[in-house]
1. Which count do you get for residues in region 1-23 that are in contact with a Pro (Cβ under 8 Å, 6 or more places away or on another chain) and assigned to a loop (DSSP other than H, G, I, E, B)?
2. Within region 50-86, can you find the residues that are surrounded by fewer than 16 Cβ atoms within 10 Å (Cβ to Cβ) and closer than 24 Å to Arg218 by Cα?
3. Considering (1) closer than 29 Å to His446 by Cα; (2) of a type in the set (A, V, I, L, M, F, W, C); (3) surrounded by 15 or more Cβ atoms within 10 Å (Cβ to Cβ); (4) away from ligand 1 (no atom under 15 Å from the Cβ), say which one Leu189 fails and leave the rest.
4. Given the conditions (1) touching a strand residue (DSSP E or B) at 6+ places or on another chain (Cβ under 7 Å); (2) in contact (Cβ under 8 Å) with a residue 24 or more places away in the chain, and given that Glu318 satisfies all but one, which numbered condition is not satisfied?
5. If you scan region 192-209, which residues turn out to be within 16 Å of ligand 1 (Cβ to nearest atom) and either aromatic (Phe, Trp, Tyr) or in contact (Cβ under 8 Å) with a residue 60 or more places away in the chain (or both)?
6. Is it true that some residue in region 1-23 is closer than 25 Å to Ser219 by Cβ, in contact with an Asp or Glu (Cβ under 6 Å, 6 or more places away or on another chain), open to solvent by 40 Å² or more (accessible area, probe 1.4 Å) and not polar (S, T, N, Q)?
7. Evaluate the following for Arg214: is it away from ligand 1 (no atom under 16 Å from the Cβ), part of a loop (DSSP other than H, G, I, E, B), modelled with pLDDT of 95 or more and surrounded by fewer than 24 Cβ atoms within 10 Å (Cβ to Cβ)?
8. For region 87-109, what are the residues that are open to solvent by 30 Å² or more (accessible area, probe 1.4 Å) and aliphatic (A, V, I, L, M)?
Amino acid sequence: MERAEVVSRLRQSEVQLVRLLFCDNAGIIRGKAVHVDELEARLVSGVGIPRAVQALNVLDQQQPVNGMGPVGEVRLAPDADTFVVLPYAPRSAAMIADLLTPDGGAWDACPREFLRRMTRRALGHGLQVRAAFEPEWSLAIRVEDRYVPIDETLGLSSLGMQTAAAAVDEIVEALGKQGMRVEHYVPELGHGQQELTIRHAPALRAADNQLLYRETVRSIAYKQGYFASFAPKPWPEQPGNGCHIHVSVWDPSGEENLFSDRSAPYGLGRLGRRFAAGLLAHVPGLLGLVCPSYNSYQRLRPGAWSSAYGCWGPDNREAAVRVASTLAGRETTSINLELRPADGSANPYLALGGVIAAGLDGIVRDLDLSDDLLALADPASLSDEDRESRGIRRHPETLALAADALEADPLLTESLGPVLSSSYLAVRRSEWHAFSAQNAAFEHKHHFWKY
Ligand code: GLU
Ligand code: MG
């Protein structure tokens with residue numbers, strides 16, 4: 001959409017405020033809202049926020065990061081292409097913003113710019129990456145200091161569809177109005193747990209969609225008296241919330257899925273195998289981006305269908321990389337790779353940018369997808385010796401270890417660049433320190449309604 005079109009649409013609407021949103025290093029969606037009368041000018045100049053915003057952790061504790069103290073500003077610069085009127089707050093609209101320096105250049109700590117750079121890197125190889133986030137989330141009410149699931153229904157149960165129907169119906173309608181195409185809905189296994197998926201899109205749009213999706217689910221739930229949580233492990237005794245990332249690589253026009261080869265095993269051609277091999281080569285460091293919260297590591301356990309080991313397999317829900325079986329009638333377009341450990345506490349720009357960097361590395365280095373890492377059954381059913389001899393490694397088991405793995409992965413840190421990677425690691429390590437000194441009640445309280 002052109003800027004002029006945004007302004008003319010606003011003039012004909014009831015909207016008073018336009019929320020300029022971004023996602024920070026802690027995975028929190030933040031922003032500032034601008035009055036409509038001010039928007040036209042701000043579309044050019046942006047809106048100032050402190051540079052320190054990228055040094056805040058999930059507890060709003062500011063970390064000592066060079067250049068991100070009390071001095072200095074950046075600009076929230078809204079992207080006109082992302083303009084939507086918010087169906088759940090019709091006097092407000094939203095636009096996704098980039099973080100720019102005051103002179104209008106890209107700020108090197110901007111997560112959205114990182115993803116844009118990675119999509120350009122892919123295009124440099126003649127490839128368009130498409131993706132879909134597959135969010136699971138929990139619906140709760142608040143009882144004193146705790147959040148309690150809205151029901152105790154079983155996975156896929158029709159009763160679960162009904163207990164959540166008022167919220168889910170309104171959410172589906174609101175996602176559609178914002179241009180997201182809902183594909184399916186399922187009341188998931190956990191108490192109060194839901195899964196509602198939307199169609200894949202070019203990478204930057206997919207990450208923007210993830211922000212608008214999280215906003216929509218949380219806002220509609222809240223309006224109806226519920227609390228919706230994307231926390232990876234909302235309750236220690238309940239299944240976790242994944243947000244698996246589905247990815248496929250297409251020609252630049254987005255017409256042909258280049259992963260597809262119907263004569264190859266599982267329909268996954270050579271390009272897809274190299275991309276998957278790249279993901280697996282970088283899994284430990286990648287976890288620092290796709291499973292970035294303290295709470296993430298309560299979810300990533302064997303037997304939880306979140307994956308706990310660095311292996312791949314066709315429709316294997318315990319593998320880090322699942323080759324999703326193709327859909328009848330859409331065999332060549334539906335082939336995709338699913339990164340299972342990813343969860344909804346991730347900053348989607350950093351997560352997807354990391355996925356693209358890793359996958360492209362597999363393509364550039366022509367890595368082969370090893371049969372040793374092929375898991376046709378639950379990798380936990382192999383003996384320790386078998387896993388060891390095949391090179392199937394357990395994922396990092398804490399946020400501290402994942403942050404170390406990220407720091408030790410030069411491809412990922414160089415792709416992020418020094419400012420983004422150092423601020424990100426400072427924020428994440430501070431969260432490790434803060435939460436590891438506390439108990440489970442503190443963890444529940446400070447993760448449940450943040451993501
Ligand atoms: N809830 C599981 C997870 O944490 C995923 C279950 C499923 O396969 O949908 O990833
Ligand atoms: Mg699911």
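1. Of the residues in region 1-23, 2 are in contact with a Pro (Cβ under 8 Å, 6 or more places away or on another chain) and assigned to a loop (DSSP other than H, G, I, E, B).
2. Passing the criteria: Leu59, Asp60, Gln61, Ala80, Asp81.
3. (4)
4. Checking Glu318 against (1) touching a strand residue (DSSP E or B) at 6+ places or on another chain (Cβ under 7 Å); (2) in contact (Cβ under 8 Å) with a residue 24 or more places away in the chain, the one that fails is (1).
5. Glu195, Leu196, Thr197, Ile198 - these are the residues of region 192-209 that are within 16 Å of ligand 1 (Cβ to nearest atom) and either aromatic (Phe, Trp, Tyr) or in contact (Cβ under 8 Å) with a residue 60 or more places away in the chain (or both).
6. yes
7. no
8. Matches in region 87-109: Leu100, Ala106.
The values are calculated or read from the model by the stated rules, or taken from the named source; none is laboratory data. Predicted, not measured: the structure shown is a model, and the values here were computed from it. All Cβ positions, even for glycine, are placed from backbone atoms using ideal geometry, and neighbour counts span all protein chains on display. Ligands, DNA and RNA are stripped out before the accessible areas are found, and what is left, the full protein with its side chains, is counted by its heavy atoms. Shrake-Rupley method; radii C 1.70, N 1.55, O 1.52, S 1.80 Å.
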